[in-house]
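Derivation of every value follows stated rules applied to the coordinates shown; laboratory data play no part. Here the structure is a predicted model, which is why all the values come from computation and not from measurement. Note that we place each Cβ from the backbone using ideal geometry, even for glycine, and neighbour counts take in every protein chain shown.
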Amino acid sequence: MKSKSFKELIVWQKAHQFVLAVYKMTKAFPKEELFGLTSQFRRAAVSIPANIAEGYRKRGKADKAKYLNISEGSLEECKYYLILAEDLRYAKTEKENLLAEEVSKLLNAYSSKILTSDS
């Protein structure tokens, strides 16, 4: 069954959960990081579901794949920020790392499905 909205996509739902987790985690970061790591991390996290949503309405495979690839890049950026947050002792990131891995697998599967579909 074809979805009617990007909000029905499990990959988008999980990516949105990841954004909410990042916002919650970064709320506890030091105030001096507000315009540094906190801002960069949140921006990269928001880019993941935003690009899934934008790509959802694109008509051609190449256009859809482009936006999904941007999401994948933003997710990898977030994975680095998780490492940095842990190394700086700003947060424990086990839960967020697991969620990031889940989003990564779903995004990879969704991208593969788009690229190999007949439509």
Mean Cβ count within 10 Å, highest first, over the residues of peptides 14-26, 92-104: 14-26, 92-104
Least to most buried among Phe35, Phe29, Phe41 (fewest other Cβ within 10 Å first): Phe35, Phe29, Phe41
Ellipticity estimate at 222 nm from DSSP helix runs (n ≥ 4, -39,500 (n - 2.57)) divided over the chain, nearest 500: -25500 deg cm²/dmol
Counting all C-alpha pairs of the range 1-67, share separated by more than 15 Å (%): 57 percent
Radius of gyration, Dmax [the chain; alpha carbons; angstrom]: 15.0, 50
Residue order, fewest to most surrounding Cβ atoms within 10 angstrom, among Glu32, Glu76: Glu32, Glu76
Residue order, fewest to most surrounding Cβ atoms within 10 angstrom, among Thr116, Thr38: Thr116, Thr38
In the range 9-81, lysine pairs closer than 17 Å at Cα, eight or more apart or cross-chain: 4
Summed side-chain charge close to Asn97 - residues other than Asn97 whose Cβ falls under 15 Å, Lys, Arg +1, Asp, Glu -1: -2
